[in-house]
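Single-structure report; data block below.
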Amino acid sequence: MKETTIIEKKAFKKLRKGILLTGLPGIGLIGQVVGRYLVEELKAGKVANLFSPHFPHQVFMTKKGGLRIIKNSFYIHHGKKRDILILLGDIQAMSSVGQYEVAGVILDYCKKAGVTEVLTVGGYSTGKINEERRIFGVATTDGLRERLKKQGVIFGEAKGSIVGAAGLLPALGKLHDLEGACVMGETHGSYIDTASARQIVVMLSKYLDLKVDLKRLNEKAQESQKVLKQVQDEVQKTMEAQFEQSSKNVSYIR
């Protein structure tokens, strides 16, 4: 394999006002959690796989003793008003050249499929553990920005750069005449943040008019919160112990 390739598993009609929604690995694995949960809850059907020489040169060993090559996969859900193409993936391309090539192949495929809007999901690391998880966003058009604002997405506060497909797909999508945005769940950044992923699922269900059962995700979010609280408590205890120890070692000249 010399270049990124998409192999279709199932033919489908052109999408109605299609939207590409990505669920790729990133900060807090928020995008991946959101994407996989929506695919499962919506019972979206797989229509294609993407393979690339820019993915790591390794394969996964299966429980049955087989082999599975690293890939990204496309799933379709036919909504009431819009069709959704969900992209899930084991991993992202490992180089800048690979990121641009894979993004280009994805966008070409989406354009032909009838996608008009690209919506990527990622995490925004604050290094803090907050109970309320905000959703930050950036968009390529004023119209999309306003539509997402109505769903509670915050614009203009996130700073810095977006690395990988979460930023490249909407940005390059503009060159394909596609509206694009990246929504980012607020997260500490060092842990799988199911609570932040839940907030984005709630927002997307309203924005895309989806009926999604949140029961399983609520349970996972509660478990995630407990783990994060334990981590926070341990960090606090460690800092207090270090402070007490350093205080004992301080001597004063009188």
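The values are calculated or read from the model by the stated rules, or taken from the named source; none is laboratory data. All figures in this text were calculated on a predicted structure; none of them were measured in a lab. Because the Cβ atoms are built from the backbone with ideal geometry, glycine has one as well, and the counts that use them run over all protein chains shown.
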Q | Exclusive hit being within 19 Å of P170 (Cβ to Cβ), of a type outside the set (S, T, N, Q) and assigned to a loop (DSSP other than H, G, I, E, B), set L50, L15 | A | L15
Q: Return the residue satisfying two criteria in turn: it lies in region 173-193 and is at pLDDT 90 or above and in a strand (DSSP E or B), and of such residues it is surrounded by the fewest Cβ atoms within 10 Å (Cβ to Cβ).
A: E179
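Out of G152, G137, which single residue is in contact with a strand residue (DSSP E or B) (Cβ under 8 Å, 6 or more places away or on another chain), assigned to a loop (DSSP other than H, G, I, E, B), of a type outside the set (A, V, I, L, M) and within 15 Å of L204 (Cβ to Cβ)? So that I can check it myself, show each step before the final result.
Details: G137 fails: assigned to a loop (DSSP other than H, G, I, E, B).
The match here is G152.
The rows are residues; the columns are (1) assigned to a helix (DSSP H, G or I); (2) surrounded by 17 or more Cβ atoms within 10 Å (Cβ to Cβ); (3) in contact (Cβ under 8 Å) with a residue 24 or more places away in the chain.
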{"residue": "E41", "(1), (2), (3)": "yes, yes, yes"}
{"residue": "F74", "(1), (2), (3)": "no, yes, yes"}
{"residue": "K81", "(1), (2), (3)": "no, no, yes"}
{"residue": "I86", "(1), (2), (3)": "no, yes, yes"}
{"residue": "Q99", "(1), (2), (3)": "yes, yes, yes"}
{"residue": "A103", "(1), (2), (3)": "yes, yes, yes"}
Q) Which pairs do you get when a residue that is under 15 Å from V121 (Cα atoms) and modelled with pLDDT of 90 or more, found in region 152-172, comes within reach of a residue that is charged (D, E, K, R) and part of a helix (DSSP H, G or I), reach meaning Cβ atoms under 8 angstrom, with the pair 6+ apart or on two chains? A) F155/R145; F155/K149
Q: Kindly indicate the residue of region 111-150 that is of a type in the set (G, A, S) and under 15 Å from the mean Cα position of the chain (by Cα) and also modelled with the lowest pLDDT among those meeting that condition.
A: S125
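Could you list, in sequence order, all residues of region 105-115 that are among the basic types (K, R) and exposed (fewer than 14 other Cβ atoms within 10 Å of the Cβ)? Break it down stepwise before answering.
As a first pass, look at region 105-115 and keep what is among the basic types (K, R): 111-112.
Scanning region 105-115 gives a single hit, K112.
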